[in-house]
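Report on the structure given below.
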Amino acid sequence: MSEIHRLKSQIVSRFSLGGFQIRSEASTFLAQQLQPLDDAERKKWITNVANHVQGQCLNLPVIEKQHIELAIKEANNTGLDDTETIFRVISAFEVPSFVYCAEKKKFLPDTNKRSLLATPDGKSSYIRERYWLLWQKTSRHETFSQRTTPGMEAPGNRNKLSLRKVENILSTSKMNDVVLLGLLTQLTEGRYYLEDPTGSIPIDISTATYSPGLFCEGCFLLAYGKYRDGVLNVEEIGFPMPELATNSRAFFGTVNSWGGPSKTLLKYSRNLNDLEKANVEHSLVFLSDCWLDNPIVMEKLEHLLRGYDDFPPVAIVLMGPFARSIENVYTLKGHFIKLGEILSSCEKLQSQTDLVIVPSIDDPAAANILPRPPVPEALAGELKKRFPRTILTTNPCRLQYCTQQIVVCRADLVTKLCRNTIHFPKEGLLEEHFARTIINQNTLAPLTPIAFPTHWNYDAALSLYPLPDLIVIGDPCQGFHTTEQECTVMNVGSFPKSKYAFKVYYPSSRTVEDSQIPDEE
């Protein structure tokens, strides 16, 4: 028996013990990598690679070559535990869900079984959970927190306000200095209400002043005013108070609130933090509107990929739509094959870079609702064969690079917020108003389900609480990036409409670089 065949037999036996079936191509590849080592080192590496494969949480117990490549890459990062990975993509349908327990004043895992077909009370349930999330962080803010004994007014506390519920207000005929947190709705046409779990109250906002932000129906608002004759006359309107991620995470403990196989939050990993700081050249590349059916776009994309083959990033994230117009959905399969052919000639990208494919709501085989499942294997399967490091994921999805937490969403979110706002701010930059809105609302979908359809049972995938390090939006409007509450909010813009501009993020320094494919002379 040859050396390679003997090694393959050992590899197959080890993976079989873990309940896995390893493809012949994968076992041959691993055997070739281990052949130069002595027997002791071979056994150690086979066990190490098997443990890392097990940590990848595969959908099927079948090991492909790309799984072995990723495991070897992770195993080479000495000092990391089995669940500590440099880069991971987390599906929207795998994001953990939590509910706030008022008695324990902490978030507990939601143990209810979830499915796309929600029960009738699913809509009220996810909106109610959004309310309690915002209520608990707002009530802790120094503006409302009362730390004195009832009846005893401490110096400096005279301007403290009380956060009210609707039922408290409706129980009186009039009330001054009302502060109410509620959902902005139109229960009757042309008439706005604020609603919370205890009821709803009509509001008059004709003379109200607004804080910065984009205020839309479906947002939760803080309203200050006077209650008279059954109507809350609003004088000031703002958003719920923002909160730094470090403060929010205290109410989750060490449990993994982000997602992935690790039981604890990798944000606290000292090993990953050291790696993140040491690898200052590591980068993540983001593009949106990757029209593979457009020859010029494909040419520019090839230029980008071949250019990065000399300096491979950690990942290249391509967001859809992947065709500008689709008459036959299977034509997209040929475009993905062509993309795979380009990538197969990029040797360094093949060994060092993950390709993340994030679909838009305009891509085929899924309804116009978020979270959206990945591009079907029937269309992009050949791309994965030609470039094994391809990851077909959901929209939105979550990325974990070392300790960095990144949310990616391909949606016309900036555009929709602007179209649905009841008050458009006259001062300040649009990106600052947009960032303030989604960060204070702590969700990617601060709109009514009619304007922004979402799966009720998977609202956790759209949650921005605790705040991530980076939020990446793929909106066709002009690209931008800004920072709010130590969270970077970035819109990639449209790759073809912006003369082939894209964004590059450097996690070590937490900086965004605006890049562009140069015009050919």
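Tabulated results
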| quantity | calculated |
| --- | --- |
| Helix-derived mean residue ellipticity, 222 nm - over the chain, DSSP H n ≥ 4, -39500 (n - 2.57), to 500 | -9000 deg cm²/dmol |
| Low-density loop positions, trypsin sites (Lys or Arg not before Pro), segment 392-432 - DSSP coil, at most 11 other Cβ in 10 Å | K426 |
| Those lysines that a straight Cα-Cα span of less than 20 Å connects to K426, excepting residues fewer than 8 apart in one chain | K416 |
| The chain - share of DSSP beta bridges that are antiparallel (%, nearest 5) | 65 |
| Folded to 0 to 90 degrees: helix 430-441 orientation relative to the chain principal axis, Cα | 80 |
| Percent of beta bridges antiparallel (DSSP, segment 245-516, rounded to nearest 5) | 50 |
| Cα centroid separation - segment 347-361 against segment 20-38, whole Å | 24 |
| 3J(HN,Hα) from dihedral phi, segment 210-221, Karplus parametrisation 6.51/-1.76/1.60, rounded to Hz, x for glycine, proline | 10, 7, x, x, 10, 8, 10, 4, x, 7, 8, 10 |
| Rounded tilt (10° steps) of 3-17 against the dominant C-alpha axis of the chain | 30 |
| Trypsin sites (Lys or Arg not before Pro) within segment 193-299, DSSP loop, no more than 13 other Cβ atoms inside 10 Å | K263 |
| Straight-distance crosslink candidates among lysines, where the alpha carbon sits under 27 Å from K8 and sequence neighbours closer than 8 are dropped | K43, K44, K65, K73, K348, K384, K385 |
| Calculated log₁₀ intensity ratio I(q)/I(0) where the Debye formula runs over C-alpha points of segment 370-448, q = 0.23 Å⁻¹ | -1.13 |
| Per residue Cα convex hull volume in Å³ - calculated over the chain | 182 |
| Within the accessible area of the chain (1.4 Å probe), percent carbon and sulfur | 49 |
| Per residue value of the accessible surface for the chain (all protein chains in place, 1.4 Å probe), Å² | 46 |
| Loop sites in segment 403-447: GluC sites (Glu not before Pro), DSSP, at most 14 other Cβ within 10 Å | E427 |
| Cα-based shape type of segment 3-78, given that a ≥ b ≥ c are square roots of the gyration tensor eigenvalues and the cut on a/c is 1.5 | oblate |
| DSSP-defined antiparallel bridges as percent of all bridges, segment 163-238, nearest 5 | 80 |
| Magnitude of the charge dipole, segment 245-516, Cβ model with Lys/Arg +1 and Asp/Glu -1, debye to 20 | 420 |
| Whichever lysines have a C-alpha closer than 19 Å to that of K113, once near sequence neighbours (fewer than 8 apart) are set aside | K123 |
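The values are calculated or read from the model by the stated rules, or taken from the named source; none is laboratory data. Keep in mind the model is a prediction, meaning the values are calculated, not measured. Counting neighbours? That spans all protein chains shown, and the Cβs are built from the backbone with ideal geometry, glycine included. In case anyone asks, the SASA skips ligands and DNA or RNA and just uses the protein heavy atoms, side chains included. Shrake-Rupley method; radii C 1.70, N 1.55, O 1.52, S 1.80 Å.
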